[in-house]
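One structure is given here, and the rest of the page talks about it.
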Amino acid sequence: MSEQGYKGAAIRSLPRPTKQYTTGRVCGQQGCETKLSVYNKWAFCWQHEPVHSYVPRGKRRSRKAAA
């Protein structure tokens, strides 16, 4: 008889849960009553949030590929 074994992947830990903020928050802009999502870490809604600098993430292209 031939020997057969089990095949599979290593057990990895689960990804971190998504961070949540307090419920019932409202936009900080005077007169705006938009309720903020529990996943929105900012104090303002999308219309009143000031522009943030963009931080590019991901794979960096080589100089040869960029030229």
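Assorted remarks:
- From PRO17, PRO50, residue being under 14 Å from the mean Cα position of the chain (by Cα) and exposed (fewer than 10 other Cβ atoms within 10 Å of the Cβ): PRO17
- Residue in the range 39-56 that is without any contact (Cβ under 8 Å) to a residue 40 or more places away in the chain and touching a strand residue (DSSP E or B) at 6+ places or on another chain (Cβ under 9 Å) present: yes
- Being exposed (fewer than 10 other Cβ atoms within 10 Å of the Cβ), on the phi > 0 side of the Ramachandran plot and modelled with pLDDT under 85 holds for only one residue in GLY58, GLY5, and it is GLY58.
- Residues of the range 20-40 classified as surrounded by 10 or more Cβ atoms within 10 Å (Cβ to Cβ) and assigned to a loop (DSSP other than H, G, I, E, B), total: 12
The values are calculated or read from the model by the stated rules, or taken from the named source; none is laboratory data. None of these values were measured; they are calculated from a predicted model. Please note: Cβ atoms are built from the backbone with ideal geometry, for glycine as well, and neighbour counts cover all protein chains shown.
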